[in-house]
1. Once you compute Rg and the Kirkwood Rh from C-alpha atoms, what is the Rg to Rh ratio for region 21-147?
2. Among 33-40, 154-161, how do they line up by average Cβ neighbours within 10 Å per residue, starting with the highest?
3. Taking 0.36 nm per intervening residue step and subtracting the Cα-Cα distance, what contour gain separates LEU69 from ARG97 on full extension?
4. Can you tell me the Rg and the Dmax, both Å, for the Cα atoms in region 1-89?
5. Can you give me the accessible area per residue for region 5-105, using a 1.4 Å probe, in Å²?
6. Which ³J(HN,Hα) values in Hz, rounded to whole numbers, follow from the phi angles of region 34-46 under the Karplus curve 6.51 cos²θ - 1.76 cosθ + 1.60, where θ = phi - 60° and Gly and Pro get x?
7. I'd like the carbon and sulfur percentage of the solvent accessible area for the chain, probe radius 1.4 Å, heavy atoms only, ligands and nucleic acids excluded.
8. Kyte-Doolittle cut-off 0.0, length cut-off 24 Å along the helix's own axis using Cα: show which whole DSSP H helices in the chain pass.
Amino acid sequence: RQILLIAVVTVIAYGLLLPLTGFYWDDWPFAWIAKFLGPAEFIPAFMPFRPFLGPIFYFTTSLIPTHPLAWQVFALVIRFLIGVAAWWTFSQIFPNRKTLAFLAALLMLVFPGYSQHRVALTHINQELIPFIFYLLSFGFTFKALRTQRITDTIIALLLQICGIFPTEYFFGIEGIRFLLLLSFFPGNAIQRITKSLKVWLPY
């Protein structure tokens, strides 16, 4: 039921004017590269300054045709996946507060501070796909605390790499992981800081 509601909110928030949207800003040169030079060209194009971003562009432009409507539909799918990833992540962080986790996911889904959704080809690759990885990294961090499985920590670290290395945009919010860890551990301030730093250190 929650997943269906996330889908409905996604369509209402971003899909009603979908047929009227197109390519914008940096979408045009990226679409030109994909159509006339081929998806493989993104690998050397990004190598000098964002070497981990090229493979994402290569993968998506190999799957999605260079048509504006196709990318706007894909943006809708990616937005939906962000909502689902946020819901799962917040459920791991607040396992006993399911309603709070779901409302937080809905808020992230329609967060008004991000206004570049229409620039689909560019921002799906540069921001939204890495953001999904980064969100899931937070979730696996807290899942690992409950399961005590090293594999969950390794997954969290790999997802962090996939979220931060393609672009530099999310590096600044890594401190939020530490603050969430502080709220997770019981005890006095020294104990909480010590435990949080121990868990946060690999990240």
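The values are calculated or read from the model by the stated rules, or taken from the named source; none is laboratory data. In this text the structure is predicted, and so the values were computed from the model without any measurement. Cβ atoms come from the backbone with ideal geometry, glycine included; neighbour counts cover every protein chain shown. With ligands, DNA and RNA removed, areas are computed over all heavy atoms of the protein, side chains included. Shrake-Rupley method; radii C 1.70, N 1.55, O 1.52, S 1.80 Å.
1. My calculation of the ratio gives 1.05.
2. For the peptides 33-40, 154-161, the packing ranking is 154-161, 33-40.
3. Values: separation 28, 0.36 × 28 = 10.08 nm, distance 3.83 nm.
Net length gain for the segment: 6.3 nm.
4. Looking at region 1-89, its Cα Rg and Dmax stand at 15.1, 45 Å.
5. With all protein chains present, region 5-105 gives 54 Å² per residue.
6. 4, 7, 9, 10, x, x, 4, 5, 5, 5, x, 5, 8
7. Of the solvent-accessible surface of the chain, carbon and sulfur hold 74 percent.
8. Length and hydropathy pass: 68-93, 129-147.
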